[in-house]
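One structure below.
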Amino acid sequence: MWKGLIDHYKEYLPVSENTPALTLHEGNTPLIHLNTLSKELEIDLYVKYEGLNPTGSFKDRGMVMAVAKAVEAGSKFVICASTGNTSAAAAAYAARAGIQAIIVIPKGKVAAGKLAQAYMYGAKIIEIDGNFDEALQIVRDISENTSVTLVNSVNPYRLEGQKTAAFEICDDLGSAPDILAIPVGNAGNISAYWKGFKEYNATKQTGLPKMFGFEAEGAAAIVRGEVIPHPETVATAIRIGNPASWKLAEAARDESGGKIAAVTDEEILNAYRLIASKEGVFAEPGSAASIAGVLQSVENGSIPKGSRVVAVLTGNGLKDPDTAVKASTVDMVSLANDEAEIRTYIEGLL
Ligand code: F0G
């Protein structure tokens, strides 16, 4: 039986006999081969489907570690700023551990499913007229002056937990892929994956991928080389203009010989529809940035034909039902409660 990350990867994680055995059985997510897109793009394309974690995003990997270590240190409160997924995971693991989560979120910019999770897991929810970057600055300051533990990815235990996804990819493929494509928001996850690939390679000689990070064009601070005071994108998960792990992300890019590029909202929405409709894989818009980046990189030649590529799908499509309904090109038909009328309609489709 899979008992979660702390149990499975303890020799790679900063855990001791005093670390609580906290788990919601996170991790062990599927690596799905995209058959249709692989053929069309002439590459070998897989997705690491992190939307199947207990709260529906990769944040569970980091949060199980951060909350377990907070509890181990005697903390009764954890706090985070969030575009929605971090807060959902913090609230869930705090509930599981019997402590309180406090979350600070940008008003009107958190997807419906993520907000529903914060309510149900019993977080103290604070919304502000401000963006993620401003919320993060506030919670960083508060955590320095109070007994509340900060669980954003500047907490080093977050990256420790998140690096385990790289281990799973190497175990599933037998070695690292040629290219790892990943959305970039606050830049913690790209940094965590790179750490994971390097550590696994050092002990198991699994090799190293090139790290390809993708920011949304309206929030592409690293690509532009400057803080973006008012980031905007349909992919609210990565609507971040001053990534906290900026330097670590650049190191991952440079050490691996990879790149960080921008994808437009149009490219994101196109990729979002494509993987759902052609592959049956529903991921949230922020996640689709990785697929948008793969499409762009095959087109411009930075991913050569024949490459083995893993794109990280960071969050479940169900997180953001409003964007799904808006972005879909499917029209629902409304018919009478009448078998003959419905049959006529269906026969017209055949
Ligand atoms: N994808 C999703 C679905 C996310 O929720 C996030 C970040 C990212 C990608 C980017 O990861 O920040 O490590 O570069 N969401 C954070 C949050 C900011 O608050 O949930 P990153």
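Just so it is clear, none of the values below were taken in a lab; they were calculated from the coordinates. Remember, predicted model here, so these are calculated numbers, not experimental data. Cβ sites come from the backbone with ideal geometry, for glycine too, and all protein chains shown count toward neighbours.
Details
- Residues D338, D7 arranged by fewest to most Cβ contacts within 10 Å: D338, D7
- Calculated diffusion of the range 228-276, Stokes-Einstein form, Kirkwood radius summed over Cα pairs, 10 °C and 1.306 mPa s, µm²/s: 126
- Beyond 24 Å, the tail of the calculated P(r) for the range 1-156 holds 37 percent of the Cα pairs.
- Neighbour net charge for W246 - beta-carbon separation under 13 angstrom, K R +1, D E -1: -2
- Normalised Debye scattering of the chain at q = 0.08, 0.11, 0.13 Å⁻¹ gives log10 I(q)/I(0) of -0.37, -0.69, -0.94, counting only Cα atoms as equal scatterers and leaving out solvent.
- The stretch between F77 and A251, if pulled fully straight at 0.36 nm per residue, gains 59.4 nm over its current Cα-Cα span.
- Whether the range 144-258 is rounded, prolate or oblate, judged on the alpha carbon gyration tensor where a/c under 1.5 counts as rounded: oblate
- Extension reserve of the H25-K278 stretch, reckoned as 0.36 nm per residue once the Cα distance is removed: 88.1 nm
- A Förster distance of 30 Å, applied to the separation of the beta-carbon atoms of K10 and E266, puts the FRET efficiency at 0.10.
- Projected label distance in nm at K107 and I142, using a 7 Å step from Cα toward the beta-carbon: 1.6
- Over all other residues within a Cβ to Cβ distance under 15 Å of T264, the charged ones net out to -4, with Lys and Arg as +1 and Asp and Glu as -1.
- Computed from backbone phi, the HN-Hα couplings of the range 164-170 come to 5, 5, 5, 4, 4, 4, 5 Hz, rounded to whole numbers (Karplus: 6.51 cos²θ - 1.76 cosθ + 1.60, θ = phi - 60°; Gly and Pro given as x).
- Beyond 20 Å, the tail of the calculated P(r) for the range 208-350 holds 55 percent of the Cα pairs.
- Residues Y157, Y193 arranged by fewest to most Cβ contacts within 10 Å: Y157, Y193
- Take the Cβ atoms of K124 and R343, set R0 to 56 Å, and the FRET efficiency comes out at 0.55.
- Difference of contour (0.36 nm per residue) and Cα-Cα distance, M1 to H33: 9.1 nm
- Positive-pole candidate from L349, L318, S334, dipole of the range 293-349, charges at beta carbon: L318
- Kirkwood Rh and Cα Rg combined as Rg/Rh, the range 58-150: 0.94
- Beta bridges per DSSP with both ends in the chain, % antiparallel, nearest 5: 15
- Distant alpha-carbon pairs in the range 279-350 (separation over 17 angstrom), percent: 63
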